[in-house]
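Asker: Here it is: the structure, laid out below.
The values are calculated or read from the model by the stated rules, or taken from the named source; none is laboratory data. The structure presented is a predicted model; accordingly, all values stated were derived computationally and were not measured. Ideal geometry is used to build each Cβ from the backbone, glycine not excepted, and the neighbour counts take in all protein chains shown. Remember, those area values only see protein heavy atoms, side chains included, never the ligands or the DNA or RNA. Shrake-Rupley method; radii C 1.70, N 1.55, O 1.52, S 1.80 Å.
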Amino acid sequence: MNADRWWGFVNGLRQVGIERIAGDVVIDNTLFAPQGDDRAAFDNRPYRTYNVLPDALMVNFQTVNVTVVPDAAAGAVRARVHPWPANLTVENSVQLERGPCRRGAAGVVVSMPEGPRRKPLERRRTFTRRVADRRRSRARDAGAGLHFGTFKTFWQQSGGTLNGGLRMGPCRRMRNCSTRTSR
């Protein structure tokens, strides 16, 4: 389910009149057998998109696209993230340099740390004013964090309110999910 289809799903809920989700968003990814959670096992590069593990709910291939943009007027380097999950923060320490483009954006590092500390996306090093925008795709959240984060972002952007959080588990019948909505 790419970001556009995920947005369409969320918007479809709003279009039928659902305005508020009072409980948790339940994500049931039990259709596939667990694949483990070591995306780094192949080549020690867990943030590369080709290392994403199969998942029953694959939102945007478990990736976000980060575009690094020089903003000479502000003297800064900006980041555009798509989709931008509500649970993702960007820690930007990239410095905008004067002078000619020496290495392009090759010196910019985009990492996507995960784990118990839930560190933010980090961008480091330098970027010159004359370099064009550079885009990097990075795998995000081996679990359901990206699913929920993008759902929450899209839900709030469409004008909906969400009072609950994320709950993982099987949800074969709606009455077992206990999520209430109001119109």
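Asker: Please give, to one decimal in nm, the separation of the simple spin-label points placed at residue 19 and residue 92, each 7 Å out from Cα toward the Cβ.
Answerer: With each label placed 7 Å out from Cα toward Cβ, I get 3.5 nm.
Asker: Here's something else I'd like to know. To the nearest 10 square angstrom, what accessible area does residue 1 show with a 1.4 Å probe?
Answerer: Accessible area, nearest 10 Å²: 80 Å².
Asker: Sticking with this structure for a sec: What's the extension gain from residue 78 to residue 30 if we count 0.36 nm per residue and subtract their Cα-Cα distance?
Answerer: Length gained, residue 78 through residue 30: 13.5 nm.
Asker: Above 14 Å lies some portion of the pair distances; for segment 44-94, what is it as a whole percent of all C-alpha pairs?
Answerer: 63 percent
Asker: Distance between the C-alpha centers of segment 56-71 and segment 133-163? Whole Å please.
Answerer: Comparing the Cα centres of segment 56-71 and segment 133-163, I get a distance of 9 Å.
Asker: Would you please name the chymotrypsin sites (Phe, Trp or Tyr not before Pro) within segment 1-102 that are DSSP coil residues with at most 13 other C-beta atoms within 10 Å of their C-beta?
Answerer: Sparse-neighbourhood loop chymotrypsin sites (Phe, Trp or Tyr not before Pro): 32, 42.
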